[in-house]
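Note sheet for the following structure.
Read-outs: derived from the displayed coordinates by stated rules, not from any lab. Everything numeric here is computed off the predicted structure, so don't read it as measured data. Note: ideal-geometry Cβ built from the backbone for every residue, glycine included; neighbour counts use all protein chains shown.
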Amino acid sequence: MMMPFAGGIDANANATLIFSLVAAAIYAFTLGMPPSLARSAAKTLAVAMLAVLSALQGGPLLLLAALALSAVGDAFLSRDGEKAFLGGLASFLVAHIVYIALFLRSGGGLGLLGAESWRGAIALALAVFVIVMLAALWRRVGPGLRVPIACYVVAILAMGMAALTTSSAWVIGGAVLFMASDGLLATEKFLVAAISPHRAWMRFAVWVLYYAAQLAITLGFLLG
């Protein structure tokens, strides 16, 4: 079996990656079940194991920090209620700030967005996407959530822009997937009717996009 890291399937790095993939798959198949400790553990471990993988492979400290913060956010969001949602939002807000620092440190500078047309085109598309999402959410969320959500939206747009300064297709693709996942999550949580039959597939898609995003960013730095 072809494995991304040296040493075959028995190597710690490859075993950790498999552990992460298995946890992600388990969570995906339990999405329709009520919140439970086992379900929360699977969701949290999926990205926590990517953080362990980064540590094992000597990845950037900022990557390890962003993945660890994301895992904390996943733990919060695996539970119900507004407090858990705000805890998850805060964790991911800080994770995105760390990702911004990581991408800008490893990238070629924001000038690339104007120097290379394809980067600028993607940046413009991301900005339009975020503006449309924020306008739609502003009317549907309570006053107490508007400022936290606005701060988060600005952070994730900055994360996408920062990713576009890197030379890694994995990192850029991961950032775009991350934004798509968050956009779909916001749509499912705030814009779709509570009894909508679309909620089931949307939750599944949110998780697949999100995990693929974290995996792509991680591999982009560890294998790049």
- prompt: From the residues ALA90, VAL171, GLY142, which one has its Cα farthest along the dipole of the chain in the positive direction, the dipole being from +1 and -1 charges on Cβ of Lys/Arg and Asp/Glu about the Cα centre?
  reply: GLY142
- line: Dipole check, the stretch 8-223, charges on Cβ (K,R +1; D,E -1), about Cα centroid: among ALA68, ALA205, ALA121 the Cα furthest to the positive pole belongs to ALA205
task: May I ask you to order 164-177, 39-52 by the average number of other C-beta atoms within 10 Å around their residues, highest value first?
output: 39-52, 164-177
- prompt: Tell me, what is the percent relative contact order of the chain, built from C-alpha pairs under 8 Å that lie six or more residues apart?
  reply: 19
message: Using DSSP to call loops (not H, G, I, E or B), can you name the trypsin sites (Lys or Arg not before Pro) in the stretch 97-170 whose Cβ has at most 10 other Cβ atoms within 10 angstrom?
response: ARG139
- line: Taking the chain and counting helices only, DSSP H stretches of n ≥ 4 at -39,500 (n - 2.57) each over all residues, the nearest-500 ellipticity at 222 nm comes to -26000 deg cm²/dmol
query: So how do 201-208, 86-93, 26-33 stack up, highest first, on mean other-Cβ count within 10 Å?
result: 86-93, 201-208, 26-33
task: Largest first and to the nearest Å, give the Cα extent of the stretch 95-196 along each principal axis.
output: 44, 22, 20
query: Under the definition of Cα pairs under 8 Å and six or more residues apart, what whole-number percent is the relative contact order of the stretch 174-216?
result: 65
query: Can you give the translational diffusion coefficient of the stretch 8-223 in µm²/s, computed by Stokes-Einstein from the Kirkwood radius over Cα pairs at 10 °C and 1.306 mPa s?
result: 90
- prompt: With +1 on each Lys and Arg Cβ and -1 on each Asp and Glu Cβ, how big is the dipole of the stretch 8-223 about its Cα centre, in debye rounded to the nearest 20?
  reply: 460
- prompt: Between the stretch 113-154 and the stretch 1-80, what's the alpha-carbon centroid distance in Å?
  reply: 28
